[in-house]
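What follows is one structure encoded as structure tokens, with my remarks underneath.
Throughout, read-outs are computed from the coordinates displayed, never taken from laboratory work. Owing to the predicted nature of the structure, the values given are computational and were not obtained by experimental measurement. Here Cβ is always computed from backbone atoms with ideal geometry, including for glycine, and neighbour counts include all displayed protein chains.
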Amino acid sequence: IGVTGVQTCALPISMVGFAYIRGNVTTSPGTVLVSLRDGNALGIQQPCRLIATSGSIEIGSHFRASGVCIYSSCSVVIGENVTVGPGVTIIDDDMHPIDPDSRRLNLQGAAPKPIKIGNDVWLCKGVTVLKGVEIGARSVIGAGIVVTKSIPPDTIVTHAQSAYMLKALSSPQL
């Protein structure tokens, strides 16, 4: 049980398990991070990761998360009383480019864009929030949803679609 790499944290943070916190991360009182199987109803064991490489992560009071991964190269701002289910990922950066030649050269993807999550939002199990998204206050994002566009306040988002082909990439010459 413990926290590593803490930069800025308002205490107390309640911990059940282990959290990895690196970079410009600010939490507020009432933050609860759960990483152990016995600490959540679904029995999922995954460390919480709050990583701000060149960006920042700001978390409002009474944030509750289980096995979350938040990564920032730009800015992630999370409001108060936000609940995050197990296995949620919030990331403001593509990390890698779509073009295979650029990936081979280990180049960065497109520029990161900020993420803002309003007060009283619930992100259910396995949600992924991508760059440039704003989720309005009191919204609920259903299990497994990949959020690629902003969501207005007081909205429930459900029914993740099965995988489908968006566009065929030309075959690279290897």
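Summary table
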item	result
Highest average packing first - 128-137, 61-70, Cβ atoms within 10 Å	61-70, 128-137
Eligible aspartates and glutamates near Lys131 by straight Cα distance, threshold 16 Å, same-chain separation 8 or greater	Glu58, Asp92, Asp93, Asp94
Residue-span extension gain [Ser54 to Lys113] - 0.36 nm each, minus C-alpha spacing	20.0 nm
Distance (nanometres) between label positions extended 7 Å along Cα→Cβ at Met95 and Glu80	3.3
